[in-house]
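Q: First the structure, which I've put down as structure tokens, then a few questions once you've had a look.
The values are calculated or read from the model by the stated rules, or taken from the named source; none is laboratory data. Computed from a predicted structure; not experimentally measured. Every residue, glycine as well, gets a Cβ built from its backbone with ideal geometry; the counts of neighbours run over all protein chains shown. Side chains included, ligands, DNA and RNA excluded: accessible areas come from the protein's heavy atoms. Shrake-Rupley method; radii C 1.70, N 1.55, O 1.52, S 1.80 Å.
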Amino acid sequence: MRDILPPETARWRRLNAVFADVVSAAGYGQVITPLIEDVGVFTRIGEATDVVTKELYAFEDRGGRHVSLRPELTASVCRAFAQHRPAALPWKVWYTGPNFRQEKAQRGRYRQFDQVGVEVLGVDDAHLDVEIIALAAEFYQRLGLTQVTLVLNSLGEPEDRAAYVAALETYFADADLSEQSQTTLAKNPLRVLDSKREHDAVAIEGAPQISEFYSDDAAAHFAAVQAGLKRLGIDFVVEPKLVRGLDYYRRTIFEFQGGTLDSAQNALGGGGRYDGLVEALGGPATPGIGFALGVDRTLLACDDEGVFGDVTRPLDVFVVDVVGGQEAAVLTAELRAAGLSADRGYDNRSMKAQMKLANRSEARFAVIVGADELADGTVVVRPMARDAGDQQTIPRTDLISHLKDRS
Ligand code: AMP
């Protein structure tokens, strides 16, 4: 786990604001769910995923309740849906916040990491699959990222998937797999396709493909999603070996991969369509679809592409008061109340020391009060950029309108 400090925090805030803009404009409302839930909410994600079996921060609280920090948000959102039963469907929501997984931390992989995401419950329409993928694509575009690849697959209907899993089991039973993948095979044959180990490459290459198992409905849904994406000019790559953790996934699944990150950490985000999760959490049978995008990794990808740099807004004003500090207290309060950003020097330091601070603050103007100004009821306004004109002495009562005119 790590600290995020200024000015980096400004980028986090801006990224969240961009995401909120994109999804609010599409009719999504924000949900805020607890960081801690009954551990059962998360074990329902699937007994065969590392997130559940190895990585949960689960513990018993003082009341003897078995709880866990959340490792992701889909299960929490489905739990909230099952609990509150919103009447109007589809229920379109977005979220932002931290998740916790006991993983081996490295660049792009942390034990506390943030995600932004959406979930839509109650609609099975392929147009919705296209819509949410388009929202994620728009988000990346608004951040300035260009090297993001959308990787797409369909897991078919649950029966198609079951037939496929059976075929994989038979195939891999005779294949030359690494020891780790043999363990995975016993738990979740689909996840063997996820192995990045060299030892497994040949076996995976020759494995049966999910598309051979699609029912007519599943094939039509997948075709509709691809056609919809093409209509919107969204590029994608179909990757028949793309599988994702959740046991409940069906039909469309997708991942956004960053071009510049290490391949192990190149997944910027992903999602898919799922069924059965709301039901497993006590609600009515409800189709769902959503995605979660990793904030930490998205910002690393922005760094690697040299986009979405420092988004800190410089201060409007730095107040330099060499007559005791009272004037600065009143002036900064007035400026802030008028909607201008303002900071000041403390400890009654010398003019030179305070001007140094003003420079360092990168404020657009220094407002200076010395003994003469105090006596005359004036202030000196000094533009800090070299080419922004000369300093002026103005009546103190004109300060705010003067600064507003010059912004
Ligand atoms: P998942 O919920 O595992 O599908 O992850 C969705 C996205 O969250 C991934 O594509 C990553 O960008 C991000 N993510 C998942 N786990 C971590 C982690 N431990 N540290 C940082 N980001 C993560």
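Q: What's the total number of residues in the stretch 15-55 that are outside any helix (DSSP H, G or I) and either modelled with pLDDT under 95 or charged (D, E, K, R) (or both)?
A: Counting residues in the stretch 15-55 that are outside any helix (DSSP H, G or I) and either modelled with pLDDT under 95 or charged (D, E, K, R) (or both) gives 10.
Q: Are there any pairs with C-beta distances below 6 angstrom linking a residue in the stretch 97-121 that is assigned by TED's automatic domain parsing to the domain that holds residue 15 and part of a loop (DSSP other than H, G, I, E, B) to a residue that is polar (S, T, N, Q) and more than 7 Å from the ligand (Cβ to nearest atom), with the two at least 6 apart or on different chains, and if so which?
A: From the stretch 97-121, the pairs are 108/265.
Q: Now, a different point. Yes or no: the stretch 271-283 includes at least one residue that is within 16 Å of the ligand (Cβ to nearest atom) and β-branched (Val, Ile, Thr).
A: No, the conditions are met nowhere in the stretch 271-283.
Q: Got a sec? Which of 270, 259 is assigned by TED's automatic domain parsing to the domain that holds residue 294 and surrounded by fewer than 17 Cβ atoms within 10 Å (Cβ to Cβ)?
A: 259
Q: Among the numbered conditions (1) touching a strand residue (DSSP E or B) at 6+ places or on another chain (Cβ under 6 Å); (2) buried (at least 16 other Cβ atoms within 10 Å of the Cβ), tell me where residue 97 comes up short.
A: (1)
Q: Every residue in the stretch 13-26 that is open to solvent by less than 50 Å² (accessible area, probe 1.4 Å) and more than 14 Å from residue 142 (Cα to Cα), please.
A: 26
Q: Return yes or no: is residue 84 of a type outside the set (Lys, Arg), in contact (Cβ under 8 Å) with a residue 40 or more places away in the chain, away from the ligand (no atom under 15 Å from the Cβ) and on the phi < 0 side of the Ramachandran plot?
A: No, not satisfied.
Q: Next question, about the same structure. Checking residue 236 against (1) within 16 Å of the ligand (Cβ to nearest atom); (2) open to solvent by 10 Å² or more (accessible area, probe 1.4 Å); (3) in contact with a Leu (Cβ under 8 Å, 6 or more places away or on another chain); (4) at pLDDT 95 or above, only one condition comes out false. Which one?
A: All conditions are met except number (1).
Q: Before we move on, is residue 86 within 26 Å of residue 221 (Cβ to Cβ) and assigned to a loop (DSSP other than H, G, I, E, B)?
A: It is true that residue 86 is within 26 Å of residue 221 (Cβ to Cβ) and assigned to a loop (DSSP other than H, G, I, E, B).
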